[in-house]
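The values are calculated or read from the model by the stated rules, or taken from the named source; none is laboratory data. Computed from a predicted model, the values in this text were never measured in an experiment. Ideal geometry is used to build each Cβ from the backbone, glycine not excepted, and the neighbour counts take in all protein chains shown. We work out accessible area using only protein heavy atoms, side chains counted, and drop any ligands, DNA or RNA first. Shrake-Rupley method; radii C 1.70, N 1.55, O 1.52, S 1.80 Å.
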Amino acid sequence: DCLDALEARIPEVEPAVNALPTLCFERAREAAKALMAKPVAERGLLAGLPVAIKDLLNVKGVRSTQGSPIYADLIPDASDLTVTNLEDAGGVIYAKSNTPEFGAGANTFNEVFGPTLNPWDTSKSCAGSSGGSAVALATGTAWLASGSDLGGSLRNPASFCGIVGFRPSPGRVAKGPGALPFANMSTEGPMGRTVRDVALMLDAMSGQYPVDPISLAKPAISFVNATDSLPAPKKVAFSLDLGGITPVDPEVAELVTAAAKRFEDMGCIVEEASPDFSDVQEIFQTMRALAFAATKKGLLDTHKDMLKPEVIWNIQKGLDLTTAEIMEAELARGRLYHRVERFFRSYDLVLCPATIVPPYPIEQRFVESCQGHTFSNYIEWCTVAYAFTCASVPAISVPAGLTKSGLPVGLQIAGPPRGEAQVLAAAAKYEDLVGWAAGLPIDPRAPKG
């Protein structure tokens, strides 16, 4: 029945937004029939719920492009661990969601499938890199969808599309096999229309597996149960710019400030404060570039003409790094982690914007400036998100409200190391107060005027 509903809904929506360019309903129906042949108790946590998979992950027998012309015709003979775990938990894979090439850049477009458009205004970007997943959720062509996050790729599109995107702690969602199994900057994570849906998907995704050496065991209390049982936070920190490391659009600032004040309605103390993120640019830009060089140099050597300029720049930046720069970034990240860990001894959570601007025109490859500040590269505008990436702590984007022109803005809630349960519980209480999820899904909306 769920698959029937999706097959009816997708043709109504997809021509306007281009969120799910690859469908695999025949494979999905075979999986659904196999599940239904099992006793109910053996159908897994998701029990047949359809799941859309971001096109950075391989799904066995399904076109898996990574948003790149280099892999435009790849049909893998094995699924990535994250996909296998979702299927083992009773998830039914029916579609691949659009993503920028190799997930690089917070705007979802590529040379294989074209751009994915924001359903709140189809002249606007849906952000990225998990943009296809976010749009599918917002428009009713997905109930659950996978995402991944390095520089904010779960949180940026959630903010732009009015849904929920959660970056868990590194290792919380097992992944692989990969070229850098010990790397902990990028994570897989769940996306949904509600916090509780995301908690359910995180329970299905989590677990410890030998193929992922940093993967964590499932917690003793499920995330679904923790979301509804943990008390409200006692004291949270709020900062619009995380101590002055980023500009913020005034309308975003107004909406996020109002959203943060709702935590006082929970009986929570809200204080203006932030961890010290003053060296986050050097840390993130160096570590990101190093990963690009390590994993993509071979493609630069053999397929440079097929790579987009931002990917070429990031690979080259990594190749140009000196040993001293890499050493200093590693040491600085260690210092940053310890500062943030100490900060969370005084505050339960940190509240801030999930993105610093509302959705921008789809023709823009990225945000070039904000409030008079010109960004030095295509990813710097996402600083407010990747500050928490560098700190290795969980962070979620939940809807804060709409701008005067009707575009979503997200509130980011970050918690202490491995504090997924605390973040989810607080986000669910906030969601209950604002009642946003009752307004989803939406039909795609053409530009006004």
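So the values come out like this:
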{"quantity": "Residue among D228, D241, D249 that alone is closer than 28 Å to G48 by Cα, at pLDDT 95 or above and open to solvent by 30 Å² or more (accessible area, probe 1.4 Å)", "calculated": "D228"}
{"quantity": "Residue match in region 177-199 (condition: among the β-branched types (V, I, T) and without any contact (Cβ under 8 Å) to a residue 40 or more places away in the chain)", "calculated": "yes"}
{"quantity": "Out of L6, L86, L46, sole residue that is crowded, with 20+ Cβ neighbours inside 10 Å, part of a loop (DSSP other than H, G, I, E, B) and modelled with pLDDT of 95 or more", "calculated": "L46"}
{"quantity": "Residue in region 403-417 that is charged (D, E, K, R), surrounded by 15 or more Cβ atoms within 10 Å (Cβ to Cβ) and either in contact (Cβ under 8 Å) with a residue 40 or more places away in the chain or over 19 Å from S222 (Cβ atoms) (or both) present", "calculated": "no"}
{"quantity": "Selection from region 383-410 of residues that are touching a strand residue (DSSP E or B) at 6+ places or on another chain (Cβ under 7 Å), in a loop (DSSP other than H, G, I, E, B) and not aliphatic (A, V, I, L, M)", "calculated": "P394, T403"}
{"quantity": "Flag if P170 is crowded, with 17+ Cβ neighbours inside 10 Å and either modelled with pLDDT under 95 or more than 30 Å from G406 (Cβ to Cβ) (or both)", "calculated": "yes"}
{"quantity": "Any hit, region 52-62, residues being surrounded by 16 or more Cβ atoms within 10 Å (Cβ to Cβ), in contact (Cβ under 8 Å) with a residue 40 or more places away in the chain and at positive phi", "calculated": "no"}
{"quantity": "Count of region 96-116 residues which are over 21 Å from D80 (Cβ atoms) and surrounded by fewer than 24 Cβ atoms within 10 Å (Cβ to Cβ)", "calculated": "3"}
{"quantity": "Among the candidates F284, F263, residue that is modelled with pLDDT of 95 or more and touching a Phe, Trp or Tyr at 6+ places or on another chain (Cβ under 6 Å)", "calculated": "F284"}
{"quantity": "Neighbours by Cβ (under 7 Å, 6+ apart or cross-chain): first from region 326-354, more than 14 Å from A387 (Cβ to Cβ); second part of a loop (DSSP other than H, G, I, E, B) and open to solvent by less than 10 Å² (accessible area, probe 1.4 Å)", "calculated": "L349/G415"}
{"quantity": "Looking only at region 9-35, and only at residues there that are surrounded by fewer than 16 Cβ atoms within 10 Å (Cβ to Cβ) and of a type in the set (D, E), the one that is nearest to D121 (Cα to Cα)", "calculated": "E12"}
{"quantity": "Boolean, K38 is modelled with pLDDT of 95 or more, open to solvent by 40 Å² or more (accessible area, probe 1.4 Å) and either within 20 Å of V198 (Cβ to Cβ) or not in a helix (DSSP H, G or I) (or both)", "calculated": "yes"}
{"quantity": "Where L433 falls short, out of the listed (1) surrounded by 20 or more Cβ atoms within 10 Å (Cβ to Cβ); (2) closer than 30 Å to S222 by Cβ; (3) aliphatic (A, V, I, L, M)", "calculated": "(1)"}
{"quantity": "Region 362-402 - residue that is among the hydroxyl-bearing types (S, T, Y) and buried (at least 17 other Cβ atoms within 10 Å of the Cβ) and, of those, nearest to A438 (Cα to Cα)", "calculated": "S397"}
{"quantity": "Residue count for region 185-225, restricted to those that are open to solvent by 50 Å² or more (accessible area, probe 1.4 Å) and assigned to a loop (DSSP other than H, G, I, E, B)", "calculated": "9"}
{"quantity": "Identity of the residue in region 57-82, touching a strand residue (DSSP E or B) at 6+ places or on another chain (Cβ under 6 Å) and outside any strand (DSSP E or B), that ends up farthest from G189 (Cα to Cα)", "calculated": "R63"}
